[in-house]
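Bear in mind these aren't lab numbers, they're just calculated from the coordinates by the rules spelled out. Everything quoted here is computed from the prediction, not taken from an experiment. Neighbour counts run over all protein chains shown; Cβ positions are idealised from the backbone, glycine included.
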């Protein structure tokens, strides 16, 4: 169970770092059509890619609390 928590946490942190880099490394288009395309891409990220990661985060939190309760240990968030 602790190994599952560590694996989920490292995968989630890797995805967060990659996503932050991707979102910060972009330029906005100089036309309405270009901005609309970029907005559609971002909405896809927000509605398709991010929700499963949030579920993973919730499961990771549950797993952490289970380990803490079972073993009486503190795990850093």
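Give the label of the value calculated from the structure for mean projected area of the Cα convex hull in nm², choosing from [x] 4.8; [y] 5.6; [z] 9.8.
[y]
Under a crude label model (7 Å from the Cα following the beta-carbon direction), how far is residue 65 from residue 16 in nanometres?
1.8 nm
Relative to a virtual label point 7 Å from the Cα of residue 45 in the Cα→beta-carbon direction, which members of the stretch 1-25 show backbone nitrogen distances below 12 Å?
Label zone hits: 16-25.
Once every DSSP H run of n ≥ 4 in the chain is given -39500 (n - 2.57) and the sum is divided by its residues, what mean residue ellipticity at 222 nm do you get, rounded to the nearest 500 deg cm²/dmol? Walk me through the numbers on the way to the answer.
Numbers: 3 runs with 58 residues, N = 77.
One gets -26000 deg cm²/dmol as the mean residue ellipticity at 222 nm.
Round to the nearest 10 and give me the degree value, 0 to 90, for the angle of helix 32-44's Cα axis relative to the longest principal axis of the chain.
20 degrees
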